[in-house]
1. Taking the mean number of other Cβ atoms within 10 Å as a proxy for protection, how do you rank 243-252, 102-111, 471-480 from highest to lowest?
2. Scan [x] 1.11; [y] 1.43; [z] 1.00 for the value of Cα Rg over 2.2 N^0.38 Å calculated from this model and give just the label.
3. If the chain between Asp183 and Ala111 were fully stretched, how many nm would it gain, using 0.36 nm times the residue separation less the Cα-Cα distance?
4. Below 12 angstrom from the Cβ of Thr263, what's the summed charge of the other residues (Lys, Arg +1; Asp, Glu -1)?
5. Pairs Lys41/Lys274; Lys341/Lys412; Lys186/Lys244; Lys127/Lys159: which exceed 20 Å Cα-Cα?
6. Check which residues have an amide H placed less than 5 Å from Phe194's amide H, if you skip close sequence neighbours.
7. Which order, highest average first, do 223-233, 189-199 follow once you tally other Cβ atoms within 10 Å for each residue and take the mean per peptide?
8. Highest mean first, how do 210-219, 82-91 rank when packing is the count of other Cβ atoms within 10 Å averaged over residues?
Amino acid sequence: MPSTRTRRSTALSLTAVALLAGTTQLTAAPATAAPAAIQDKVLVIGLDGANLDRIKTANAPNLKRLMAEGLTAASTLYSSPMAATSSGPGWSTIATGVWPDKHGVKDNSFAGKQFGTHPDFLTRAEKANPSLNTYAAADWEPIASADAGGPIFSPTVDKRLGLKGDANGYDVEDPKIAAAAADELKNGNPDASFVYFGEIDIAGHNSGPGSQAYLDAIARSDRHIGTVLNAVTSRATYAQENWKILVTTDHGHKDGGGHGGSTIKERGTFVIAKGAGIPAGSVRNDVRLVDVAATALKQVGVSTAGLDGVPLDAPDNDAFDTVRGSLQSRTDETGIPSGVKGYTHTAPSGWSVDNSAMGTGGVTEWRGWSFTTDEFWTQAQRDQWRELNVRGRDVFAVADSDEWDDRTNSGKFDSTLVSPKWQVQGGTTRTLRFQTHYRHEAGQTAQVLVSYGGGAPQVVKSFTADATAQPQSIALNVPAGVSDVQVRFRYAGTNNWFWAVDNVTLG
């Protein structure tokens, strides 16, 4: 059954009052009906090819109201070779809550799809709890109908509406989707729904996101969103329901229109969300596209185990994120826009960087381990796999000998990132976990070392092959009598590649 919250009040019965007063007459308390249980529901709205900065400029009162009353979170995608910034991988990532290296969709051919292993969130909800009512409506055929490698949302979903917007025009089909979805949301009883509109993407292809035509398409899509949201609030049972609304997109558009490549605008996505537990007007930097499915599933009481995404009410508590306020704009880099603040050598509290073996000179931004963001780091040099660090969130640590070597230097890149001393109990086993994004080349080394009780650091992991966007888990057997553990990440190379780590924990 869907998760519920029941409000109850307890009154002292007349019987109890009589006994406390010492009377002999017993009177039964009047029966009081319990309030109806609150039903948790979720609606995900997809806007194909929508750039967040243009939504902020457009006449879009419904979207802007959601932003004012909830959360706005800009984010970025992968690029090739993980997947193209196109609709197939984008909507598959949103629907499944896992990245393309798991769901298998790299382009709009859907070749290699793994939806049986990694199903969409509506299918997951149905299989976990068949009593849940699920609904999907879209006019890009692969989303909800068996066309061009689809459907992304499987036939297990209770009710699906698939129209063909690419042939008849999304300006014709989007209003039909809005009307049908509004009728279902108002008069039916869906617990989890997905509704898609495609017109913005077509305007991006035809005219570019900087055009008035693109703004007009956003305005029309916003009116469709208003139709759908009005249907939700007009439900006869709305007062007894707890709705979470999410709006997202599958990719962005480059300035001249089009997508599929690795520019920051093509990779640009967002999540807008409103509902219980989401602060009004909030902005976050740690949200990823995979979090949409995780949030939707948790809202209807379904496990998110196995997903790359995390629910929006479970924010990342990574120590590296605390240095965001110290980030600065470029120093030596020329390809990164001057207004982007995205790197610092200031380590988080308790952490440090040992550059005693580090060469001199080189590009300032990358001299030793740096703390940076995807927006900043990937624009230093595109299409060298930096864009594949999809499991890193917000601020992460990077050692990049390739970029460091782009200015005159002497010596070798040799830098060590040092953790705080974590308190442990001797004779126990602790698990070191972190996200890693490592591109290998002969001549470089990447080692994880551990020091027990201040002793000599011991190598517990060496990377000798590519490990792109991978979670790591290392069991540490703490010797008897030891009370603290310290971890080191040492990277050395000479114009080789890079190593990024994030969310380091000792659990």
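Since every read-out is calculated from the coordinates, none of them should be taken as a lab result. As the structure is a computational prediction, the values presented were derived from the model and not from experiment. Cβ placement follows ideal geometry from the backbone for every residue including glycine, while neighbour counts extend to all protein chains displayed.
1. On the way: 243-252: 25.3, 102-111: 19.8, 471-480: 12.9.
My ranking of the peptides, most packed first, is 243-252, 102-111, 471-480.
2. Answer by label: [x].
3. Numbers: separation 72, 0.36 × 72 = 25.92 nm, distance 3.47 nm.
Result for the pair: 22.4 nm of gain on full extension.
4. Details: positive: Lys254, Lys265, Arg267, Arg382; negative: Asp255, Glu266, Glu375, Asp383, Glu387.
Its environment carries a net charge of -1.
5. Details: Lys41/Lys274 12 Å; Lys341/Lys412 27 Å; Lys186/Lys244 15 Å; Lys127/Lys159 15 Å.
Those over the limit are Lys341/Lys412.
6. Placed amide hydrogens put Val44, Tyr135, Ala136, Ala137 under 5 Å from Phe194.
7. Details: 223-233: 18.5, 189-199: 25.5.
Ranked by mean Cβ neighbours within 10 Å, highest first: 189-199, 223-233.
8. Details: 210-219: 19.2, 82-91: 25.5.
Descending packing order for the listed peptides: 82-91, 210-219.
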